[in-house]
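Read through the structure below, which is laid out as structure tokens, and then see the notes.
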Amino acid sequence: MQGRSTVGLKEALRLSGVKPILAGFFCYCSLEATAGLWASSYLVLQRGIGAETAAKWAALFYLGITIGRFLAGFITGKVGAKNMVRGGQALAGLGIIIIMLPFGNHWLLLGLVLVGLGCAPIFPSLLHQTPVNFGEDKSQAIMGMQMAAAYLGTTFMPLLFGFVGAKVGIGLYPLFLMAFVVVMWGMVEKSNRMKNCTAR
């Protein structure tokens with residue numbers, strides 16, 4: 001089709017802003033997958049909550065994502081995709097901080113919901129920005145790499161946390177999640193500042 005790019009992987013990787021945005025996708029999917037898969041184990045082993053209750057509470061993380069994505073559809077047009085990503089990162093970070101703090105169980109529930117709500121707009125907003133940031137003609141190749149980075153994070157980082165948690169302790173769960181939020185924020189903002197990423 002006319003106007004479609006035949007950009008190869010090497011050429012796409014040389015584009016300004018591509019490498020950091022790939023790292024951003026990797027971190028986001030690592031965050032979402034690890035948060036969801038290990039929430040109930042953290043609640044049981046670290047916070048002493050019963051297994052059945054923990055499973056129900058862990059589902060609140062996914063409920064937060066579902067509600068957040070529904071609400072994001074109404075908000076994105078007003079605040080812009082970049083600000084949706086920033087707001088999501090801030091909300092997820094706040095939720096993780098609440099999980100870290102030695103408050104009661106109601107606060108723990110709130111933290112899980114906030115992490116889910118924060119995660120909700122990040123992935124679709126980053127995808128939405130790809131043609132704007134890098135050009136329609138290159139977006140197909142770049143989106144393919146973004147999906148690859150996302151799958152790597154989803155596949156391997158929960159496994160890594162399982163290994164680390166077994167060796168060091170599952171109490172590292174919120175710190176592990178916060179590391180992804182911090183690195184994701186830095187990589188996405190770095191991509192935004194680079195010359196090919198001019199959208200607001």
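Restricting the first member to the range 184-196 and to residues that are closer than 15 Å to Tyr28 by Cβ, and the second to residues that are modelled with pLDDT under 95, the beta-carbon pairs closer than 6 Å and six or more apart or on different chains are Ser191/Gly17; Ser191/Cys197.
Tell me yes or no: at least one residue of the range 95-113 is part of a loop (DSSP other than H, G, I, E, B) and touching a residue at least 12 places away in the same chain (Cβ under 8 Å).
So far as the range 95-113 goes, no, none of its residues is part of a loop (DSSP other than H, G, I, E, B) and touching a residue at least 12 places away in the same chain (Cβ under 8 Å).
For Leu22, indicate whether it is touching a residue at least 12 places away in the same chain (Cβ under 8 Å), closer than 24 Å to Ser125 by Cα and crowded, with 20+ Cβ neighbours inside 10 Å. Taking the combined requirement at face value, the residue satisfies it. For the range 56-66, the criterion of being in contact (Cβ under 8 Å) with a residue 40 or more places away in the chain, touching a Ser or Thr at 6+ places or on another chain (Cβ under 8 Å) and in a helix (DSSP H, G or I) is met by at least one residue.
Taken as a whole, the condition of being within 13 Å of Gly144 (Cα to Cα), part of a helix (DSSP H, G or I) and over 15 Å from the mean Cα position of the chain (by Cα) does not apply to Ala39. Considering only the range 44-59, I want to know if a residue exists there that is within 21 Å of Ala150 (Cβ to Cβ) and either small (Gly, Ala, Ser) or crowded, with 16+ Cβ neighbours inside 10 Å (or both). Taking every residue of the range 44-59 in turn, none turns out to be within 21 Å of Ala150 (Cβ to Cβ) and either small (Gly, Ala, Ser) or crowded, with 16+ Cβ neighbours inside 10 Å (or both).
Figure legend. Inter-residue proximity from the range 154-171: first residues among the aromatic types (Phe, Trp, Tyr) and surrounded by 12 or more Cβ atoms within 10 Å (Cβ to Cβ), second residues in a helix (DSSP H, G or I) and modelled with pLDDT of 95 or more, beta-carbon distance below 7 Å, spacing 6+ or different chains. Indicated pairs: Phe161/Thr34; Phe161/Trp38; Phe161/Phe176.
The values are calculated or read from the model by the stated rules, or taken from the named source; none is laboratory data. Since the model is a prediction, treat every value here as computed from it, not as a measurement. Don't worry about glycine lacking a Cβ; one is built from the backbone with ideal geometry, like all the others, and counts go over all protein chains shown.
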